[in-house]
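The values are calculated or read from the model by the stated rules, or taken from the named source; none is laboratory data. Since we're looking at a predicted model, the values are computed, not measured. A quick note on method: Cβ atoms are made from the backbone with ideal geometry, for glycine too, and the neighbour counts reach across all protein chains shown. Side chains are part of the model used for accessible areas, which takes the heavy atoms of the whole protein and leaves out ligands, DNA and RNA. Shrake-Rupley method; radii C 1.70, N 1.55, O 1.52, S 1.80 Å.
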Amino acid sequence: EDVGDGRGPADVPSYEPVADNKTATFTNTYNKTQQSITFEATKTLEDASGAKPLADGEFVFSLEAVGGFKDSGKALPLPTSDAYEIAAADVPMPQGVTSTSMTTRNDSSGVVAFPSITFTVDHDANRCYVYRISETNTREAGVTYDAAQYYYVVRVAKTGAGINTTRELYKADGTPEQ
């Protein structure tokens, strides 16, 4: 039967009443049982002549799993330690990476971004992982490479049924990066 405007009953939308007839409610779900972290760096190319602008993909950077500890609150002997309780092979890496290291390249604005690493409550709660990032010297003519190394310390603390993941950045000499 026609509802008076030429549309049949099949064209009339169906609506459900709100329970209290007053409040529109939207529900989102937050999963605290896994969190992801992304490591980034910045590449600067100094060229007083202006003849060589930084190009997309020009420089190579490495992310390496170093090791870890079974206590997320452990004070770490950086920059390196032979006392890691967790081997580099057991440190989480970005999805699809099957070794303890990977490389990426800068973009034309100097951003160096590694794929995110996901940490889970079942595998990583109350653990601490150490990663090293550095630039790879590809021996491009006329370029003096920066030999700096930085360490990211990822602490995965158990909080209730979930986790809270934090990261700290240290220079190769073990001092915190400001």
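Structure notes:
- Condition check for residue 167: open to solvent by 70 Å² or more (accessible area, probe 1.4 Å), under 22 Å from residue 36 (Cα atoms) and not hydroxyl-bearing (Ser, Thr, Tyr): yes
- Near pairs, Cβ below 9 angstrom, 6+ apart or cross-chain, from the range 99-111 (without any contact (Cβ under 8 Å) to a residue 60 or more places away in the chain) to any residue that is open to solvent by 50 Å² or more (accessible area, probe 1.4 Å) and among the hydrophobic types (A, V, I, L, M, F, W, C): 99/89; 100/87; 100/89
- Residue satisfying all of: in the range 84-129; touching an Asp or Glu at 6+ places or on another chain (Cβ under 9 Å) and of a type in the set (Asp, Glu); nearest to residue 157 (Cα to Cα) among these: 85
- Of the residues making up the range 134-149, at least one is open to solvent by 30 Å² or more (accessible area, probe 1.4 Å), touching a Pro at 6+ places or on another chain (Cβ under 9 Å), touching a residue at least 24 places away in the same chain (Cβ under 8 Å) and not aliphatic (A, V, I, L, M).
- Residue match in the range 120-133 (condition: under 30 Å from residue 48 (Cβ atoms) and touching a strand residue (DSSP E or B) at 6+ places or on another chain (Cβ under 8 Å)): yes
- Those strands (runs of 3 or more DSSP E) lying entirely in the range 59-118 with at least 1 residues of a type in the set (Phe, Trp, Tyr): 60-69
- Positions within the range 43-83 being open to solvent by 50 Å² or more (accessible area, probe 1.4 Å), under 23 Å from the mean Cα position of the chain (by Cα) and closer than 30 Å to residue 138 by Cβ, in sequence order: 44, 56, 64, 80
- Of all residues in the range 84-93, one or more are in contact (Cβ under 8 Å) with a residue 40 or more places away in the chain, in contact with a strand residue (DSSP E or B) (Cβ under 7 Å, 6 or more places away or on another chain) and open to solvent by 30 Å² or more (accessible area, probe 1.4 Å).
- Exclusive hit being within 17 Å of the chain's Cα centre (by Cα) and more than 30 Å from residue 160 (Cβ to Cβ), set 101, 109: 101
- For the range 15-51, the tally of residues that are in a loop (DSSP other than H, G, I, E, B), charged (D, E, K, R) and modelled with pLDDT of 75 or more stands at 4.
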